[in-house]
1. Only one residue in 196, 204, 269, 244 is buried (at least 17 other Cβ atoms within 10 Å of the Cβ) and at pLDDT below 95, so which one is that?
2. Look at residue 223 and say whether it is surrounded by 13 or more Cβ atoms within 10 Å (Cβ to Cβ) and modelled with pLDDT under 95.
3. Could you pull out every one of the helices (runs of 4 or more DSSP H) wholly within segment 216-303 that has 3 or more residues that are more than 20 Å from the chain's Cα centre (by Cα) and over 21 Å from residue 117 (Cα atoms)?
4. From 129, 191, which residue is open to solvent by less than 10 Å² (accessible area, probe 1.4 Å) and at pLDDT 95 or above?
5. Take residue 50 and decide whether it is of a type in the set (D, E, K, R), open to solvent by 70 Å² or more (accessible area, probe 1.4 Å) and closer than 23 Å to residue 101 by Cβ.
6. I want to confirm something. Restricting to segment 80-112 and keeping residues that are closer than 23 Å to residue 215 by Cα and among the charged types (D, E, K, R), which single residue is most open to solvent (accessible area, probe 1.4 Å)?
Amino acid sequence: MPGAMRVGERPVLLIGAKGQVGRHLTALLSATRPVVAISRADLDLRDESRIRETVRRYAPSIVINTAAYTQVDDAEKDEATCWAVNARAPEILAAEAAAIGALTIDFSTNYVFAGEGVAGYRESDTVRPLSVYGRSKAEGERRIAAANPRHIVIRTHGIYDARGSNFLRRILTLAREREELRVVDDQVGAPTPAVLIAEAVVQLVNNASARGWHDDDSGILHVATSGDASWYDFACRALALDPLCAQQRCTVLRPIPSTEFVTPAQRPLNGRLDTSRARMQFGITLPAWDEALEVVMKHWGTE
């Protein structure tokens, strides 16, 4: 098809290789193609000249950026750093990728939405972020699209993994330390394991390798597990699947509204994402949130 970009033997440049999604992507992609894996220690995303130098040095066919400023509450008082990492750095990566004809794959969040209603947000819905973090990611989306027409930005919700900083690890740790935990029950979405996000990216890369990347492939893409759960629902299921907590009845969970758990950054109540485009255009279908959690918990502590 005219205008298609085919991914060749040039390497994949992976930024954020030791993060939750990045470490799974490094392993999966390295099995079939050359990968240059760059960690936070290798590249400061506030250093614009180093970003440009890195892309030009390796001349990749795809630039995948899994790195981000994700400390949602800290961002309210550290807006400059959040903006540099989540908006400016992705813009530079996309512009440098465009200059060498490379595809850009980056990541965003359901926090770009205000969280109104109960329907799943579509890619085309108007963004209205409630926090500095959400605004920085929304701006990053806009700048990536402007800098490189060959791009895809994956929005997801509640990434978790056996490693890193995430809700699942925090809840399992606190459940061993406290007799009672209060968890919000009115913020609803579909928490998604990092490994499933990584597998979806591999599918996108393989598609680009097999048939080329077409203009209508570019844009925003929602990738998340199916169904929905509040953080309270998710915590209840996680503790039920944790052998230690099940045996020791280690904690009591109390559902509370967000108004009783005030944080510096406001979160959207409705974090649901409509994943129809991922399924229909790319064949990406993730399992239900509770099925995905069960698989992760089966392997908990084995990695």
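The values are calculated or read from the model by the stated rules, or taken from the named source; none is laboratory data. Every value quoted in this text rests on a predicted model; they were computed, and no experiment measured them. As a convention, Cβ positions derive from the backbone with ideal geometry for all residues, glycine included, and neighbour counts pool all protein chains shown. Only protein heavy atoms, including side chains, enter the accessible area calculation; ligands, DNA and RNA are left aside. Shrake-Rupley method; radii C 1.70, N 1.55, O 1.52, S 1.80 Å.
1. 204
2. So residue 223 fails the test.
3. Answer list for segment 216-303: 231-241, 243-248.
4. Result of the check over 129, 191: 191.
5. So residue 50 fits the description; yes.
6. 91
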